[in-house]
Amino acid sequence: MQATGPFDVKLAPQPAAPGIEPANLGRMTIDKQFHGDLEATSLGEMLSAMGQVQGSAGYVAIERVSGTLHGKRGSFVLQHHGIMDRGVPQLSVMVVPDSGTDALTGLSGTMQIVIEQGKHSYIFDYTLP
């Protein structure tokens with residue numbers, strides 16, 4: 001199955017955890033509103049690090065998505081792994097195994113994030129038992 005639609009995202013910078021300030025990591029909270037085939041909200045956290053070369057960075061994030069997917073209500077967790085290698089992006093966003101609840105129990109899949117002209121959208125390829 002495939003779900004598509006736009007989403008809005010708010011990222012809020014957070015202070016570093018006590019004791020790891022010298023690591024110079026970025027930390028943000030994530031607050032999303034999904035629309036389209038996935039009508040949901042999500043909350044999560046992101047950690048990031050910049051490389052020594054312009055355009056190089058990495059991030060990881062975890063977010064819990066709660067709402068309806070093609071009319072099926074429940075929640076699930078997405079895990080992000082992103083790399084920017086001198087301006088060339090690679091991104092993997094996957095459903096954490098066995099994180100689905102209620103009508104989304106057993107959900108698996110991957111999500112592509114598309115950013116065009118400053119607007120965010122998703123393409124979510126998934127399976128349900």
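The values are calculated or read from the model by the stated rules, or taken from the named source; none is laboratory data. This structure is a prediction, so every number in the text was calculated from the model and none was measured. When the accessible area is computed, the model is the full protein with side chains, heavy atoms only, and any ligands, DNA or RNA have been set aside. Shrake-Rupley method; radii C 1.70, N 1.55, O 1.52, S 1.80 Å.
Miscellaneous remarks
- Build a GNM of the chain with springs between Cα atoms under 10 Å apart, and of T101, T68, T41 the one that fluctuates most is T101.
- P(r) tail fraction, segment 19-79 - alpha-carbon pairs more than 18 Å apart, %: 48 percent
- Cα centroid of segment 68-120 to Cα centroid of segment 4-63, whole Å: 13 Å
- The accessible area of I115, taken with all protein chains in place and a 1.4 Å probe, comes to roughly 110 Å².
- Of the three principal axes defined by the Cα atoms of segment 1-54, the extents in descending order read 43, 26, 18 Å.
- Relative to the globular-protein estimate of 2.2 N^0.38 Å, the Cα radius of gyration of the chain stands at 1.11.
- Spatially proximal lysines relative to K72 (Cα-Cα < 21 Å; intrachain offsets below 8 disregarded): K32
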